[in-house]
Amino acid sequence: MKDKQISIGLVVALDYHNPFLSPFDEFQRFKHHPSIKPLLEGGTVLQYGARTLNEGGFQSIPYPIFPGGAIIGCSAGFLNVPKIKGTHTAMKSGMLAAEAAFNVLLEGAKMEVYWNSLQNSWIWKELRKARNYRPAFKYGLIPGLAFSALEHYFLRGKLPLTLKHGKPDHEATETASSHTQIQYPKSDGVISFDVPTSLYRSNTNHEHDQPAHLRLRDPAIPELVNLPKYAGPESRYCPAGVYEYVPDEKHGLKLHINAQNCLHCKACDIKDPTQNIEWTVPEGGGGPGYTIM
Ligand SMILES: Cc1cc2nc3c(=O)[nH]c(=O)nc-3n(C[C@H](O)[C@H](O)[C@H](O)COP(=O)(O)OP(=O)(O)OC[C@H]3O[C@@H](n4cnc5c(N)ncnc54)[C@H](O)[C@@H]3O)c2cc1C
Ligand code: SF4
């Protein structure tokens with residue numbers, strides 16, 4: 001019999017409020033759900049990874065041309081959010097940009113042709129149709145689900161208005177004092193795992209002596225704001241355990257950044273409450289080495 005191969009993932013919307021929530025631990029807990037556990041038993045975990053979804057969609061598409069280049073794929077927000085699919089739009093937008101660039105080189109045409117062909121392509125129609133699903137969830141889970149059903153079965157993108165997104169994800173985090181800590185069960189080492197074991201399966205690797213690619217705009221903010229106000233949420237939303245609060249010489253806690261473990265998911269760049277973390281490109285093509293995804 002062939003080995004069973006299952007790919008399993010958990011999508012966590014980064015506009016969650018509770019600073020104690022840990023997407024990594026939620027995922028491990030999810031694997032123990034009675035409907036999921038039997039699927040995983042007897043299998044072998046081959047790989048682990050993480051990536052944020054670009055959920056802006058139609059109403060967030062930027063003007064995608066700049067001198068010398070064009071924005072394509074998820075960088076321009078071409079993900080179909082309700083379907084969680086974006087490889088088709090990434091490929092198509094790449095093709096449209098390449099065709100426009102070819103004509104710029106061959107005939108001296110203008111790159112603006114890419115913008116026009118995008119608006120006339122099926123990408124535009126598809127994303128327009130899907131535009132109201134995600135913002136509907138700013139009214140809450142139940143209204144969001146109800147609206148999604150209405151969209152899916154009746155409206156099909158024909159609502160004569162475009163819903164606006166709520167506040168940015170980093171502003172959604174509430175203070176620690178308004179929530180209680182979440183106690184997550186310990187991983188069993190069979191179907192659920194700890195961060196170091198999972199990280200090992202991501203094959204992530206960075207040259208150890210390169211400048212840190214995760215930078216703090218103000219190095220004092222973690223101890224002055226993130227820790228006292230939000231109980232250090234970066235130590236939980238990062239799926240790679242990159243951010244750790246460790247004891248300092250004054251018997252307090254200070255932030256330690258294990259940049260070499262970074263999975264390039266970009267959650268910190270998005271979710272840090274004061275937008276103090278800046279993700280920059282590491283040297284030498286370092287990062288996760290997904291071989292089977
Ligand atoms: C959990 C999950 C499940 C998904 N499932 C599906 C699915 O089933 N079907 C589907 O169609 N889509 C799916 N998607 C969406 C799909 O992965 C994306 O829409 C698609 O990968 C977008 O392609 P892209 O080339 O635009 O971006 P990416 O695939 O993200 O590629 C961008 C690349 O650029 C690199 N990069 C970033 N910054 C720099 C820089 N400054 N310099 C150099 N390199 C850089 C990144 O490392 C990355 O390799 C899923 C996404 C997630 C997160
Ligand atoms: S450091 Fe940031 S980008 Fe890297 S894995 Fe953690 S949250 Fe993701």
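The values are calculated or read from the model by the stated rules, or taken from the named source; none is laboratory data. Since the model is a prediction, treat every value here as computed from it, not as a measurement. Using ideal geometry, Cβ is built from the backbone for each residue, glycine included, and neighbour counts are taken over all protein chains shown.
Total residues in the range 138-168 satisfying the condition of being under 24 Å from residue 25 (Cβ atoms) and either over 21 Å from the mean Cα position of the chain (by Cα) or modelled with pLDDT of 95 or more (or both): the figure is 0.
Matching residues to (1) closer than 30 Å to residue 57 by Cβ; (2) in contact with a Pro (Cβ under 7 Å, 6 or more places away or on another chain); (3) loosely packed, with under 13 Cβ neighbours inside 10 Å:
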| position | (1), (2), (3) |
| --- | --- |
| 168 | yes, no, yes |
| 177 | no, no, yes |
| 184 | no, no, no |
| 189 | no, no, yes |
| 212 | no, no, no |
| 215 | yes, no, no |
| 227 | no, no, no |
| 235 | no, no, no |
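Residues in the range 12-32 that are among the polar types (S, T, N, Q) and assigned to a helix (DSSP H, G or I): 28 alone.
Among the residues in the range 43-51, are any crowded, with 18+ Cβ neighbours inside 10 Å, in contact (Cβ under 8 Å) with a residue 60 or more places away in the chain, within 14 Å of ligand 1 (Cβ to nearest atom) and not aromatic (Phe, Trp, Tyr)?
Step one: filter the range 43-51 for residues crowded, with 18+ Cβ neighbours inside 10 Å, giving 48-50.
Narrowing the set further to residues that are in contact (Cβ under 8 Å) with a residue 60 or more places away in the chain leaves 48-50.
Okay, now just the ones that are also within 14 Å of ligand 1 (Cβ to nearest atom), so 48-50.
Next cut, not aromatic (Phe, Trp, Tyr) only: 49-50.
Yes: one or more hits.
Would you point out the residue of the range 228-248, among those that are touching a strand residue (DSSP E or B) at 6+ places or on another chain (Cβ under 7 Å) and within 16 Å of residue 171 (Cα to Cα), that is farthest from ligand 2 (Cβ to nearest atom)? Across the range 228-248, the extreme among qualifying residues is 232.
State all residues of the range 270-293 that are buried (at least 16 other Cβ atoms within 10 Å of the Cβ) and within 12 Å of ligand 2 (Cβ to nearest atom); if no residue qualifies, say none. Result: 270, 271, 272, 277, 279, 282, 286, 287, 288. A search for C-beta distances below 6 Å between a residue of the range 70-87 that is touching a residue at least 40 places away in the same chain (Cβ under 8 Å) and farther than 18 Å from residue 133 by Cα and any residue that is part of a loop (DSSP other than H, G, I, E, B) and more than 16 Å from ligand 2 (Cβ to nearest atom), counting only pairs 6+ apart in sequence or on different chains, returns 70/64.
When residue 60 is tested against (1) touching a residue at least 60 places away in the same chain (Cβ under 8 Å); (2) polar (S, T, N, Q); (3) surrounded by fewer than 16 Cβ atoms within 10 Å (Cβ to Cβ); (4) within 30 Å of residue 200 (Cβ to Cβ), only condition (4) is not met.
For the range 194-210, which residues satisfy the criterion of being more than 16 Å from ligand 1 (Cβ to nearest atom), among the charged types (D, E, K, R) and surrounded by 12 or more Cβ atoms within 10 Å (Cβ to Cβ)?
Taking the range 194-210 first, the residues more than 16 Å from ligand 1 (Cβ to nearest atom) are 194-197, 199-200, 208-209.
Cutting the leftovers down to among the charged types (D, E, K, R) gives us 194, 209.
Of everything in the range 194-210, just one residue is more than 16 Å from ligand 1 (Cβ to nearest atom), among the charged types (D, E, K, R) and surrounded by 12 or more Cβ atoms within 10 Å (Cβ to Cβ), namely 194.
Of all the numbered requirements in (1) over 30 Å from residue 226 (Cα atoms); (2) without any contact (Cβ under 8 Å) to a residue 40 or more places away in the chain; (3) surrounded by 14 or more Cβ atoms within 10 Å (Cβ to Cβ); (4) out of contact with any strand residue (DSSP E or B) (no Cβ under 8 Å at 6 or more places or on another chain), residue 37 misses one, and that requirement is (2). Going through (1) in a helix (DSSP H, G or I); (2) within 15 Å of ligand 1 (Cβ to nearest atom); (3) among the aromatic types (Phe, Trp, Tyr) one by one, residue 115 falls short only on (2). For residue 30, the test of being within 27 Å of residue 147 (Cα to Cα), within 23 Å of the chain's Cα centre (by Cα), within 15 Å of ligand 1 (Cβ to nearest atom) and assigned by TED's automatic domain parsing to the domain that holds residue 267 is passed.
Could you please let me know if residue 246 is under 23 Å from residue 277 (Cβ atoms) and surrounded by 14 or more Cβ atoms within 10 Å (Cβ to Cβ)? Considered against the rule, which asks whether it is under 23 Å from residue 277 (Cβ atoms) and surrounded by 14 or more Cβ atoms within 10 Å (Cβ to Cβ), residue 246 comes out as no.
Just name the residue that is nearest to ligand 1 (Cβ to nearest atom) out of those in the range 240-293 that are at negative phi and free of Cβ contacts under 8 Å to residues at least 12 places away in the same chain.
So in the range 240-293, the residues at negative phi come out as 240, 242-250, 252-263, 265, 267-274, 276-283, 286, 288-293.
With free of Cβ contacts under 8 Å to residues at least 12 places away in the same chain added as a condition, the list becomes 246-250, 269.
Values: 246: 29, 247: 34, 248: 33, 249: 36, 250: 37, 269: 11 Å.
The selected residue is 269.
The set of residues from the range 249-265 being surrounded by fewer than 17 Cβ atoms within 10 Å (Cβ to Cβ) and out of contact with any strand residue (DSSP E or B) (no Cβ under 6 Å at 6 or more places or on another chain) comprises 249, 250, 251, 252, 254, 258.
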